[in-house]
Amino acid sequence: MNIKDKVLKTFEERFGAPPTLLARAPGRVNLIGEHTDYNDGFVLPAAINRAIYVAARPRDDSDVHFVSTDFDSQTLFSLDNLDDPDLPAWSKYPRGALWWLGSQGYTVPGFDAVIGGDIPVAAGLSSSAAVEVVMLELGLALAGATLPQVDKALAGVEIEHQFIGMPCGVMDQMASAMGVAGHALLIDCRSLETSTIPIPAGVSLVIMDTRKQRGLVDSEYALRREQCEAAAQLLGVPALRDANREMLEAARAQLGDVLYRRAHHIITENLRVNATTMALRGGGLKTAGQAMRQSHASLRDDYEVSCYELDVMADLASAQPGCYGARMTGAGFGGCAVALVQNEAVPQFIEAVTPAYTEETGLDPQIYVTQAADGSGVTRLDE
């Protein structure tokens, strides 16, 4: 049974009637453009065909009866008390979306709901952003309101900053809300302008979870942001997006080794995003794959956010027949790598990479074969 059917079936079993609304929001994988978002740069994510679903039916009071199939848990809370610290941790992201809607003056009634998904949790595929976006889709539908997709994404960012307490960028929510099937989404993180970039037919986005728990992410992420801001200040630019290689080389001695390498990654990564975009538009998968390999090397050597397991996975993947290129994706220090692989080569790719990675690291990877999917939406089931 697929996850959508499981959520619908669970709703009927728990609440004794069919739901009237079904909302969906996908996870995402970032093809290239890592750590560029908080430097006002460019990113190239794609929504994937793994998603969070919420089935719901409005109530005539202000209570929310919520069931999670992923955590095999249920909770009851009031829309008047969304920040109750005793509520289960998994419900915080859904409550964050309801908090935002209330803060903007939307009148959301109480409801019964079942939430579930097939996005791996804590693997860097933005399951939390998908929860925020799917709950915004549901809440707006319950309130009889609509918002442009970009505004739903920005609301998700506000939820992260103000309700969750995580200083994230805009990429994850924008990919989840604005994805287009068969395309990646080029995002200018300063202007928030987007362009859809076709992914040539015949290739899969293969996501390889190293099963290495991501350590140091929060502290190192904050440190990288500080280092980038310091480098931008020394270079005399608002953000590293505004710097170029000539400026960087001229200030090399002033920056010192660490700030130089951090800035070098951001400047060259923005160039790689643009090169990959041009390559994909022309069907140039080899060029795109080469940029992905260069991106991984830069994240490993200049930005220092890779780890042994990610390096092993990226190298193994890139060496396989039919793989155009691979790189770590996400914040780093564990989590996932992503590869562009010819469809017909995928079975052999998995067969080769899985045991080789286990032999090298002692870890059993999880490999997900995905395609670029449409962004979030909501369907009325009672019409």
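A short reminder: the numbers here are calculations on the coordinates, not readings from a lab. Computed from a predicted structure; not experimentally measured. Cβ atoms come from the backbone with ideal geometry, glycine included; neighbour counts cover every protein chain shown.
Some observations on this one:
- For the chain, a simple Cβ point-charge model (Lys and Arg +1, Asp and Glu -1, everything else neutral) yields a dipole of about 840 debye relative to the Cα centre.
- For the chain, a Gaussian network of Cα nodes joined below 10 Å ranks Leu31, Leu147, Leu248 by mean-square fluctuation, and the top entry is Leu147.
- Given Lys92/Lys212; Lys6/Lys92; Lys6/Lys286; Lys9/Lys92, the pairs whose alpha carbons are separated by over 30 Å: Lys6/Lys286
- On the principal axes of its alpha carbon atoms, the chain extends 65, 49, 39 Å, with the longest extent given first.
- Protection proxy ranking of 86-95, 35-44, by the mean of other Cβ atoms within 10 Å over each peptide's residues and highest first, is 35-44, 86-95.
- Put a plus charge on the Cβ of each Lys and Arg, a minus charge on the Cβ of each Asp and Glu, and nothing anywhere else: the dipole of the range 203-370 about its Cα centre is then about 500 debye.
- With Cα atoms, 0 to 90° folded angle of helix 127-142 axis to the chain main axis: 40
- Using alpha carbons only: equivalent-ellipsoid semi-axes of the range 1-91, gyration tensor based, whole Å: 31, 19, 12
- Choice from Met178, Met278, Met208 with maximal GNM fluctuation in the chain (Cα, 10 Å cutoff): Met278
- Using alpha-carbon coordinates, inclination of helix 217-235 to the longest axis of the chain, degrees: 50
- Computed from the C-alpha gyration tensor, the three semi-axes of the ellipsoid equivalent to the range 96-223 are 25, 20, 16 Å, from longest to shortest.
- Computed from backbone phi, the HN-Hα couplings of the range 76-84 come to 10, 8, 9, 5, 8, 9, 7, 9, 4 Hz, rounded to whole numbers (Karplus: 6.51 cos²θ - 1.76 cosθ + 1.60, θ = phi - 60°; Gly and Pro given as x).
- Whole-angstrom Cα spans of the range 270-383 along principal axes, big to small: 54, 34, 29
- Scattering profile of the range 190-340 at q = 0.20, 0.21 Å⁻¹ [log10 I(q)/I(0), Debye over alpha-carbon scatterers]: -1.27, -1.31
- The Stokes-Einstein estimate for the range 316-374, based on a Kirkwood radius over Cα pairs and taken at 37 °C with 0.692 mPa s viscosity, is a diffusion coefficient of 268 µm²/s.
- Long-range amide H partners of Gly117 with built H, under 5 Å: Tyr53, Asp70
- Computed magnitude of the charge dipole of the range 1-124 (debye, nearest 20; Cβ of K, R +1, Cβ of D, E -1): 460
- Short-range pairs are left out: with C-alpha atoms under 8 Å and at least six residues apart, the relative contact order of the chain is 24 percent.
- Cβ-based charge dipole, the range 203-370, positive-most Cα from Thr287, Ala331, Ala356: Thr287
- Estimated 222 nm signal from helices in the chain, with DSSP H stretches of n ≥ 4 weighted -39500 (n - 2.57), rounded to 500: -13500 deg cm²/dmol
- Fully extended contour minus Cα-Cα distance, from Gln162 to Asp70, at 0.36 nm per residue: 30.6 nm
- Footprinting exposure proxy for Ile266, Ile207 (fewest neighbouring C-beta atoms within 10 Å first): Ile207, Ile266
- Within a Gaussian network of the chain (alpha carbon springs, distance under 10 Å), most fluctuating of Glu246, Glu220, Glu34: Glu246
- Modelled this way, with points 7 Å down the Cα-to-C-beta line, the labels at Met247 and Met278 are 2.0 nm from one another.
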